[in-house]
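One structure below.
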Amino acid sequence: MSAYEAVIGLEVHAQLRTRTKIFCSCSTEFGREPNSNVCPVCTGMPGVLPVLNRRAVEYAVKMGLAVDCTVNPRSVFARKNYFYPDLPKAYQISQYELPLAEHGRLRIATNGDEKTIGITRIHMEEDAGKSIHSATENKSFVDLNRTGVPLIEIVSEPDLRSADEAVAYLKALRAILVYLEICDGNMEEGSFRCDANVSIRPKGALELGTRAELKNLNSFRHVHKAIEYEISRQAVLLVDGEKVTQETRLFDVDKGITVSMRGKEEAHDYRYFPDPDLVPLLIAPELLADMGRSIPELPQAREARFITEYGLPEAAAQTLTAEKDLADYFEAATRLYPEPQKVSNWILSDLLRELNQAKTAAVDSPLTPEHLAELLGMIDSGQISSRIAKQIFPDVFTTKASPQEIVERKGLAQISDTGTLEAVVDSILTANPKEVEAFKSGKTKLMGFFVGQVMRQTKGQANPDLVNKLIMEKLQ
Amino acid sequence: MSISTDDAAKVAGLARLNPAPEKITQFADQFNDILDYMQKLNELDTSGIEPLYTPVTHETVFRDDEVLKEYSREELLGNAPETDGNYFIVPRIVG
């Protein structure tokens with residue numbers, strides 16, 4: 001592979017989180033009974049007219065601005081013609097010559113290297129429905145609930161050079177969509193989808209090689225695997241003196257390879273033309289200004305601020321800001337307990353573990369920022385040890401009870417009473433005369449052994465500082 | 001520009017039609033008649049004139065993002081040649 005470099009461009013389809021479809025008033029709610037969110041417009045009945053959803057336009061404009069695109073004051077919807085039963089009009093309403101937004105860019109970082117990826121265009125279009133094919137009968141079953149759900153297609157320049165860069169770009173793009181609250185970013189459910197155009201060329205060459213378009217990439221891991229496989233497949237062809245064919249290839253998840261979709265190529269003549277049912281889309285300067293004002297702090301800016309304002313390491317800042325609600329959680333907890341480093345450590349280790357196990361988003365965490373602040377405060381005041389805090393963390397998470405309540409209920413408060421601890425320390429020292437001798441003759445490492453014994457006997461509830469102090473006093 | 005019988009056959013193929021060869025010739029001829037007629041328009045000098053995408057002159061029409069359900073599933077599936085009450089059923093498409 002070293003003699004070649006990969007050239008990758010990505011096409012991302014993001015479902016917009018509007019309540020209704022792009023051209024009709026049907027609900028976009030996911031998971032409803034088949035064909036319950038349909039009407040004459042999205043089923044393609046004759047004589048109906050599409051009417052554009054204002055919110056879908058606003059969301060698309062927001063994304064355009066967030067990735068530094070020029071939002072065109074005038075764009076045009078076009079018909080993309082092809083036959084498939086989940087597209088009942090036999091054309092998809094999309095944009096072609098005059099898209100909503102163009103000439104944007106997105107900064108990515110891979111292994112510490114920063115790079116800017118060009119965004120060619122962002123255009124609006126409608127989603128298609130879904131079909132299920134019968135295995136036994138000559139039948140396909142068509143559900144049009146998704147037909148007409150608003151999408152934006154974000155097309156990158158062929159600026160990406162590796163699978164790592166492609167994944168970094170996708171993650172950055174997804175984070176922005178989620179921060180803008182215009183897309184839920186769910187790859188498995190298909191609200192964030194990606195096709196990859198991959199070609200290779202001799203290192204240093206200017207001319208592009210023949211590309212393959214990869215489909216069925218429904219997780220970041222699949223995107224990475226499929227691109228890596230495709231790069232090596234094409235390199236083998238070129239080394240053997242063969243040619244790469246321009247074609248669409250499906251990623252086979254089980255085998256980890258890409259497979260040609262033969263025979264589909266001739267259908268790629270979409271005969272786009274402007275849709276006479278829709279007037280050109282004019283973006284008023286006021287709408288543009290409103291959308292510009294509504295853009296919140298974006299992930300990369302927030303990550304940078306977390307590093308400067310809270311003094312967090314880059315990796316922590318990156319993980320915390322990757323999801324908006326996790327960053328919000330961190331800031332809420334830090335307001336209540338102003339030690340960002342500690343809050344960050346607890347979130348990254350304990351909270352994320354619980355959230356992942358329960359498959360819950362930070363915004364729905366039963367263990368609230370208030371709970372976390374309370375827990376950390378209890379460690380500081382000596383009421384509980386950090387070991388007990390770690391131990392009850394999952395209890396707070398599952399029961400939603402406050403840490404205080406759980407400590408009281410389970411009798412886990414730290415033993416900071418000198419009299420009580422002294423008795424325990426004495427019994428440990430008496431039971432281990434050999435170790436005491438050794439300690440006195442210089443084996444000070446045994447301190448850990450004594451502390452450990454005391455902690456064991458008190459089930460971790462002894463105040464470790466006090467235990468240390470007491471043992472030292474006794475052994476001096 | 002002229003349309004050959006191959007072009008006509010390709011367009012027919014894209015529309016999933018399979019006309020008889022003599023029909024293909026006939027359609028290609030008709031295509032060319034239409035294009036010849038449209039050629040008259042090309043005699044006008046349109047340089048510097050913005051392309052007209054629609055003769056409708058009113059501004060962008062927006063709809064508010066509010067859910068409205070005007071027809072039941074039964075009514076919509078009622079137009080389908082075949083349905084099981086849940087899905088539109090079509091001849092199997094190998095996906």
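The values are calculated or read from the model by the stated rules, or taken from the named source; none is laboratory data. Since this is a predicted model, take the numbers as computed values, not measurements. Glycine also receives a Cβ, built like all others from the backbone with ideal geometry; neighbour counts cover every protein chain displayed.
With a requirement of 3 or more residues that are more than 14 Å from every other protein chain (Cβ to nearest Cβ), more than 14 Å from the chain's Cα centre (by Cα) and not aromatic (Phe, Trp, Tyr), the strands (runs of 3 or more DSSP E) lying completely within the stretch A:121-206 that satisfy it span A:150-156, A:192-202. Per the listing A:Val259, A:Val244, A:Val236, A:Val279, the residue uniquely touching a residue at least 12 places away in the same chain (Cβ under 8 Å) and of a type outside the set (Lys, Arg) is A:Val244. Going through (1) facing chain A (nearest Cβ under 7 Å); (2) in contact (Cβ under 8 Å) with a residue 24 or more places away in the chain one by one, B:Pro91 falls short only on (2). Here A:Ile428 does not qualify as buried (at least 20 other Cβ atoms within 10 Å of the Cβ) and within 19 Å of A:Val343 (Cβ to Cβ). Looking only at residues in the stretch A:447-459 that are buried (at least 17 other Cβ atoms within 10 Å of the Cβ) and out of contact with any strand residue (DSSP E or B) (no Cβ under 9 Å at 6 or more places or on another chain), the one that is nearest to A:Lys390 (Cα to Cα) is A:Gln453. Taking the listed residues A:Pro34, A:Pro50, the one that is more than 25 Å from B:Arg16 (Cα to Cα), at the interface with another protein chain (Cβ under 10 Å from one of its Cβ atoms) and in contact with a Gly (Cβ under 9 Å, 6 or more places away or on another chain) is A:Pro50, with no other qualifying. So which residues in the stretch A:310-338 are more than 20 Å from the chain's Cα centre (by Cα) and surrounded by 14 or more Cβ atoms within 10 Å (Cβ to Cβ)? Scanning the stretch A:310-338 gives A:Tyr310, A:Leu312, A:Ala332, A:Ala333, A:Thr334, A:Leu336, A:Tyr337. The set of residues from the stretch A:231-258 being assigned to a strand (DSSP E or B), at pLDDT below 90 and more than 14 Å from chain B (Cβ to nearest Cβ) comprises just one member, A:Glu247.
Helices (runs of 4 or more DSSP H) wholly in chain B with at least 2 residues that are at pLDDT 90 or above and surrounded by fewer than 10 Cβ atoms within 10 Å (Cβ to Cβ) - which ones?
It comes to B:21-39.
Residues of the stretch A:18-33 that are surrounded by fewer than 23 Cβ atoms within 10 Å (Cβ to Cβ) and modelled with pLDDT of 95 or more: A:Thr18, A:Arg19, A:Ser25, A:Ser27. Considering only residues that are in a loop (DSSP other than H, G, I, E, B), in contact with a strand residue (DSSP E or B) (Cβ under 8 Å, 6 or more places away or on another chain) and within 12 Å of chain B (Cβ to nearest Cβ), look in the stretch A:53-83 and name the one that is surrounded by the fewest Cβ atoms within 10 Å (Cβ to Cβ). Taking the candidates together, the pick is A:Pro73.
Within the option set A:Arg335, A:Arg353, being closer than 30 Å to A:Ala66 by Cα and modelled with pLDDT of 90 or more holds for one residue only, A:Arg335. For A:Ile227, the requirement of being touching a helix residue (DSSP H, G or I) at 6+ places or on another chain (Cβ under 6 Å) and of a type in the set (A, V, I, L, M) is met.
Just need a number here: residues in the stretch A:380-407 that are over 20 Å from A:Glu354 (Cα atoms), surrounded by fewer than 21 Cβ atoms within 10 Å (Cβ to Cβ) and modelled with pLDDT of 80 or more. Residues in the stretch A:380-407 being over 20 Å from A:Glu354 (Cα atoms), surrounded by fewer than 21 Cβ atoms within 10 Å (Cβ to Cβ) and modelled with pLDDT of 80 or more: 3 in total. Say we look at the stretch A:406-434 and pick out the residues that are among the acidic types (Asp, Glu), in a helix (DSSP H, G or I) and more than 40 Å from the chain's Cα centre (by Cα); which of these is nearest to A:Asn463 (Cα to Cα)? Among residues in the stretch A:406-434 that are among the acidic types (Asp, Glu), in a helix (DSSP H, G or I) and more than 40 Å from the chain's Cα centre (by Cα), the one nearest to A:Asn463 (Cα to Cα) is A:Glu422. I want to confirm something. Restricting to the stretch A:288-309 and keeping residues that are of a type outside the set (D, E, K, R) and touching a Ser or Thr at 6+ places or on another chain (Cβ under 7 Å), which single residue is farthest from A:Leu100 (Cα to Cα)? So, considering only residues that are of a type outside the set (D, E, K, R) and touching a Ser or Thr at 6+ places or on another chain (Cβ under 7 Å), the one farthest from A:Leu100 (Cα to Cα) is A:Phe306.
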